[in-house]
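Right, one structure below, let's go through it.
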Amino acid sequence: MRVSDIILERLAKAGVDTCFTVYGGAISELMDAFTRQTAIRYIVPMHEQAAGFMAEGYAKASGKIGFAMATSGPGGGNLVVPIQNCFYDSTPCIFITGQVASGFCRPYGSPLRQLGFQETPIVDITRPITKWSTQITVADEAAWIMEKAIKKCISGRPGPVLIDICIDIQKCSVKPLV
């Protein structure tokens, strides 16, 4: 099973039924995963910030976890304001951003601005305004990271969680956990 399928499967299992997203290259594998399942539909607004606000509003209106996705770089950056809103209003939302291939991620502490095209340190940017912000860098960790993200999102005082996933990791095949 591909990592992208595991991600959608775990979200569907948690009751997520709608994703608000703007297509981009760094989430292309996750977008393709929608064609292999039927539990989660996706809605495409004209802008990533709108997708984030739609996920927030959907969570507030439905009582379910909101879900928005954006590609790397400016796409993820456009989710920052909706993430802030969710943080301040205690709204449970999962935000997923795509990222450049793991081989092109700038090593932590590197003096380089970026190594890959549209590489942005979205995890570092959103850490102060999320309950948890992380990057999936090992394909075999995708299932438990999704479980942890869902629990963090809804436990205690609800709030947003951000998961950044490199495009090559999204494509990896792993054995699904039970």
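Observations
- Straight-line cross-link reach from residue 175 at under 30 Å between alpha-carbon atoms covers these lysines, not counting any fewer than eight positions away in the same chain: 13, 64, 131, 148, 151, 152.
- Apportionment of accessible area to carbon and sulfur, the chain, percent (1.4 Å): 58
- Judged by the mean number of other Cβ atoms found within 10 Å, the most tightly packed of the peptides 30-37, 41-48, 131-138 leads the ranking 131-138, 30-37, 41-48.
- Among 101, 51, 70: highest mean-square fluctuation, GNM of the chain, C-alpha pairs under 10 Å: 101
- Solvent-accessible surface (1.4 angstrom probe) belonging to residue 60, in square angstrom, nearest 10: 110
- When the helices of the chain are scored as -39500 (n - 2.57) per DSSP H run of n ≥ 4 and the total is divided over every residue, the value at 222 nm lands at -10500 deg cm²/dmol.
- A 1.4 Å probe run over the chain, with the rest of the protein chains in place, finds 46 Å² accessible per residue.
- The label point for residue 155 and the one for residue 42, both projected 7 Å from the Cα toward the Cβ, are 2.9 nm apart.
- Relative contact order (percent, whole number), the chain, Cα cutoff 8 Å, 6+ residue spacing: 27
- Computed Kirkwood radius, in angstrom, where 1/r is averaged over Cα pairs of the range 28-101: 12.6
- Taken as Cα centroids, the range 115-160 and the range 1-57 sit 15 Å apart, rounded to the nearest whole angstrom.
- Extension gain for the segment residue 147 to residue 17, taken as residue separation times 0.36 nm less the Cα-Cα distance, is 45.2 nm to one decimal.
- The Cα trace of the chain gives Rg and Dmax of 14.6, 44 Å, the first to one decimal, the second as a whole number.
The values are calculated or read from the model by the stated rules, or taken from the named source; none is laboratory data. A quick note: this is a predicted structure, and the numbers were derived from the prediction, not measured. Glycine gets a Cβ as well: all are built from the backbone with ideal geometry, and neighbour counts include every protein chain shown. Calculation scope for accessible area: heavy atoms of the full protein, side chains included, ligands and nucleic acids excluded. Shrake-Rupley method; radii C 1.70, N 1.55, O 1.52, S 1.80 Å.
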